[in-house]
Amino acid sequence: MTAFHKKISDRLREIRSESGIWLAPADITYAYKPLKMGLRMTTLHEPWEDFVESYDRINSTCSKLFRVELSKDEREKDLESFKHLRDIMKKNQMIHDTSFLLNQEIDSGKRILAEACSSSLMDEDHGIYPYTDSFHTITGSVCTGLGVPDEAIETEIGVMSALTILKRSFLKHINHFPTHVDEDSPSHAAI
């Protein structure tokens, strides 16, 4: 997490302190994907000057949008951390074009297990905002998330739970879950 992520999270917490929606500095990172303002891991694989340019562009946008400023020391510390991470990742060849790699393996006859631990309640579009992930958690998004064709999906296994990890303080604001079945509904007897 960058210094400006932390500052923006603090700023949002100030603005929305009464709602308790922003829980931790990490929560703001989920907002960057739909805004197209995040730093992707693959960006670290680009020439260093290009990464710094992306970092500075995002930092500048965030500063204007959220009225937060980074000191020169904070910027340098962030970039130093990213450079260190970049060196480790390049040395150990940890950055790959996974869509290409997965399709290559599928074409060679290998089977791939895609597993997710997030429920449909955490889906970016269908979940209970703001307690959602920054991605789609439902089965249909396996293809778009991994970049594989739909015919590559041969088996789906779903696991259902009657529990949620949402905080009780937030749950009191929800009248019904998307899958709620009223007790007087004929469907309720089948459960």
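Could you please let me know if Ser141 is outside the structural domain of Thr42 (by TED's automatic domain parsing), modelled with pLDDT of 70 or more and more than 20 Å from Thr42 (Cβ to Cβ)? Break it down stepwise before answering.
On the way: outside the structural domain of Thr42 (by TED's automatic domain parsing): yes; modelled with pLDDT of 70 or more: yes; more than 20 Å from Thr42 (Cβ to Cβ): no.
Judged against the criteria, Ser141 is not a match.
Out of (1) at pLDDT 85 or above; (2) in a helix (DSSP H, G or I); (3) within 22 Å of the chain's Cα centre (by Cα); (4) surrounded by 12 or more Cβ atoms within 10 Å (Cβ to Cβ), what's the single condition that is false for Met94?
Met94 satisfies all of (1) at pLDDT 85 or above; (2) in a helix (DSSP H, G or I); (3) within 22 Å of the chain's Cα centre (by Cα); (4) surrounded by 12 or more Cβ atoms within 10 Å (Cβ to Cβ) except (2).
Could you check the stretch 55-91 and list, in sequence order, the residues that are assigned to a helix (DSSP H, G or I), aliphatic (A, V, I, L, M) and touching a Phe, Trp or Tyr at 6+ places or on another chain (Cβ under 7 Å)? Talk me through it step by step, then tell me what you get.
Looking only at the stretch 55-91, we keep the residues that are assigned to a helix (DSSP H, G or I), and these are 55-66, 72-91.
If we keep only those that are aliphatic (A, V, I, L, M) as well, we get 58, 65, 79, 85, 88-89.
Selection gives Leu79 alone.
The values are calculated or read from the model by the stated rules, or taken from the named source; none is laboratory data. Note that the coordinates shown come from a computational prediction; the quantities given were computed from them, not determined experimentally. Neighbour counts are summed over all protein chains in view; Cβ atoms, including those assigned to glycine, are modelled from backbone coordinates with ideal geometry.
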